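Values in this text are rule-based calculations from the coordinates and carry no lab data. Quick caveat: nothing in here was measured; it's all calculated off a predicted structure. Neighbour counts run over all protein chains shown; Cβ positions are idealised from the backbone, glycine included.
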Amino acid sequence: MNEDPDVASRRIARESIDRDDPTGWFEHLYAAAAEGAAVVPWDRGTAHQLLTDWVNESKPDGTDKTALVVGAGTGWDAELVADRGYDTTAFDISPTAIATAHRNHPDSRAHYIVADLLAPPTDWHRAFDLVVEIYTVQALPIHLQPNAIKQVTDLVGPGGTLLVIAAARPDDQPDDEIQGPPWPLTRATIRSFTAPDLHLIQLDRAPSPTDPTILRWRAEYLRD
Ligand SMILES: C[S@@+](CC[C@H](N)C(=O)[O-])C[C@H]1O[C@@H](n2cnc3c(N)ncnc32)[C@H](O)[C@@H]1O
């Protein structure tokens, strides 16, 4: 009997994490999904609602500006950013995710590439006017999150904006109670996407548009 795709997705993640390969499962999952043997639970077929809300409220003009979408998956968020006029780069660690993004958006103006947030290209350092991070840090085990957060913040250029969307959890919930993935972010963690010259300027915590029992952070930061 074929395995249920949802069950297969969780099994693929757990097997990889138990092998101490905390990022390998993304490629396994996207590859299995491309063959119809699993589902990618976060692949919404549209931009994230909280990113759409931010774009509608802020109306950013990306003319002559650059944007980077972190852990871009199959590209739906990157397309929204590119549509605002940004010269958009979108990256993911999974080659199959990037191949699927190319297939989903054949006429895209965004540049889709395979790269690792934990070892990004050096010329990305402080290079982008807008950095969008949705659900990538929370998809990494908690011991990897500080380095991932540091890497995200290092990508934001002078005068640039960082937008982070993540699942929220209470500050007093112990790390070892979380059976990730995902490993939702505490308020302290969301506040740590900062530096002396990178400031948290807006923080909202709201129920998920699709499941009101889950709370989501939407955080905006600005670099001097
Ligand atoms: C939970 S998914 C979220 C995808 C997308 N941001 C969204 O909201 O639909 C996490 C994504 O981050 C990618 N990813 C995980 N670790 C990564 C890393 N170290 N570097 C780049 N991408 C990574 C995964 O392949 C996956 O596409």
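Numerical summary
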| item | result |
| --- | --- |
| Whole-Hz ³J(HN,Hα) from phi, Karplus 6.51 cos²θ - 1.76 cosθ + 1.60, for the range 182-198, glycine and proline x | x, 10, x, 9, 6, 4, 4, 5, 5, 6, 8, 7, 9, 7, x, 10, 10 |
| Interchain or long-range residues, amide H under 5 Å from residue 93's placed H | 115 |
| HN-Hα J in Hz across the range 46-63 - Karplus 6.51, -1.76, 1.60, θ = phi - 60°, x for Gly and Pro | 6, 5, 4, 4, 6, 5, 4, 4, 4, 5, 5, 7, 8, 6, x, 9, x, 4 |
| DSSP beta bridges in the range 120-224 [antiparallel fraction, %, rounded to 5] | 70 |
| Contact order normalised by residue count of the range 1-41, Cα under 8 Å, 6+ apart, percent | 47 |
| Rule-of-thumb Rg ratio for the chain [Cα; 2.2 N^0.38 Å; N residues] | 0.98 |
| Square roots of five times the Cα gyration tensor eigenvalues for the range 83-185, Å | 26, 17, 13 |
| Cβ-placed point charges (K, R +1; D, E -1), dipole of the chain about Cα centre in debye, nearest 20 | 300 |
| CD proxy at 222 nm, helix term only [per DSSP H run n ≥ 4: -39500 (n - 2.57); per residue of the chain; nearest 500] | -9000 deg cm²/dmol |
| Karplus (6.51, -1.76, 1.60) ³J(HN,Hα), θ = phi - 60°, over the range 199-207, in Hz, Gly and Pro reported as x | 10, 6, 10, 8, 9, 10, 10, 9, x |
